[in-house]
1. Under the rule a/c < 1.5 gives rounded, and otherwise a/b versus b/c splits prolate from oblate, where does the stretch A:28-105 land using the Cα gyration tensor?
2. With a cut-off of 8 Å between alpha carbons and a minimum separation of six or more residues, what is the relative contact order of the stretch B:1-82 in percent?
3. Once you have a ≥ b ≥ c as the square roots of the Cα gyration tensor eigenvalues for the protein assembly as shown, tell me rounded if a/c is under 1.5, and otherwise prolate or oblate according to whether a/b is larger than b/c.
4. Which residue, A:Gly63, A:Ile84, B:Gly128, has the largest displacement toward the positive end of the dipole of the protein assembly as shown when charges sit on each Cβ (Lys, Arg +1; Asp, Glu -1)?
5. What ranking of B:Ile78, B:Ile11, A:Ile71 emerges when the number of other C-beta atoms within 10 Å of each C-beta is taken as an exposure proxy, fewest first?
6. For the ranges B:122-128, B:81-87, what's the packing order if you count other beta-carbon atoms within 10 Å of each residue, average per peptide, and put the highest first?
7. Is chain B rounded, prolate or oblate when judged by the Cα gyration tensor, a ≥ b ≥ c being the square roots of its eigenvalues, rounded requiring a/c under 1.5 and prolate requiring a/b larger than b/c?
8. So for chain B, averaging the separation of alpha carbon pairs under 8 Å that are six or more residues apart and normalising by length, what relative contact order in percent results?
Amino acid sequence: MIPGVSLFEIMTVSTLMFFIGVYGFVTRKNLITVLMSLELILNGAAINFVAFNKYLYPERPAGQFFTLFLIAVAAAEVALAIAIVINLYRRIKSVDVENVNTLKY
Amino acid sequence: MEKIVFYILAIAILALSLLSVLSQRLLRSAVYLFGVLAAVAGFYFLVGYNFLGAVQLTVYAGGIVVLIIFSILLTHEIDHKMERPSWLRAGAAGLMCAAGAAMVLQLLASTPLTRVDGPENSDLDTLGGLLLTPGEGGYLLPFELISILLLAAIIGAVVIAKHKLGAGSENQENQPL
């Protein structure tokens, strides 16, 4: 563990980061910024996994594996989302959430 | 010493993520996000999970942020300025998030989280071995599943982002192999 730092302090950071991400997710209208808020949310969860692994179950690296898989899933998700954004821009010349009112063509 | 580093990282994470969510300029927002991800990688290094920190730096900070910046540059003017969300929407969202954070923190504070001091095995040999171990305590199945997921995501991204070609070349593509 980190000397002098309690689990609660780490959880505070990750919780605030998570809710900052939620705020961005709700208020932003641009698809790319929504995606960036999503990254903040995912990272808040990943910090939690690492902190729990370090402080509560130091003998098994389960939390590290969860974080590893989370990073891989996030990479896949971003690749797909960027593809969708570029396709949308090509079709309707806009990436605003409000202008995207159809998913089929 | 570690305590000071942790507090610096915590302040950097919170300040940069706030800036990233509030900034009106897309490109600056992405750069702030890069700072957040790098600070999180620093946190992983601080707790001693070096492999995880390296993965975070290469995949997140190196890969995902570059991808996001590329997509911003492809779809927007470089000094594109977004309009602010309306006060009602920002206020309601802020209130909701503050309430949620307060609830979670209150719950955390009332939960006894006792620290366990045990032997650690988080070196790269152990991680690599467990990643290829089937059965009890191993992570072979999720490892294989994630590789299939990544393959599917690559193919899906190519199919979705592919430029629609004319009818002639379309036929050529659909020929059986």
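1. Details: a/c = 4.82, a/b = 2.93, b/c = 1.64.
Taking the square roots of the gyration eigenvalues as a ≥ b ≥ c, the stretch A:28-105 is prolate.
2. 32
3. It comes out oblate by the Cα gyration axes.
4. A:Ile84
5. Working: B:Ile78 9, B:Ile11 12, A:Ile71 22.
Ranking B:Ile78, B:Ile11, A:Ile71 by Cβ neighbours within 10 Å, fewest first, gives B:Ile78, B:Ile11, A:Ile71.
6. B:122-128, B:81-87
7. Details: a/c = 2.10, a/b = 1.17, b/c = 1.80.
Oblate is the answer for chain B, as a/c is 1.5 or above yet b/c matches or exceeds a/b.
8. Relative contact order here is 14 percent.
Each reported figure results from applying straightforward, stated rules to the coordinates on display, with no laboratory input. Note that this is a predicted model, so its numbers are computed, not measured. Cβ: placed from backbone, ideal geometry, glycine included. Neighbour counts: every protein chain shown.
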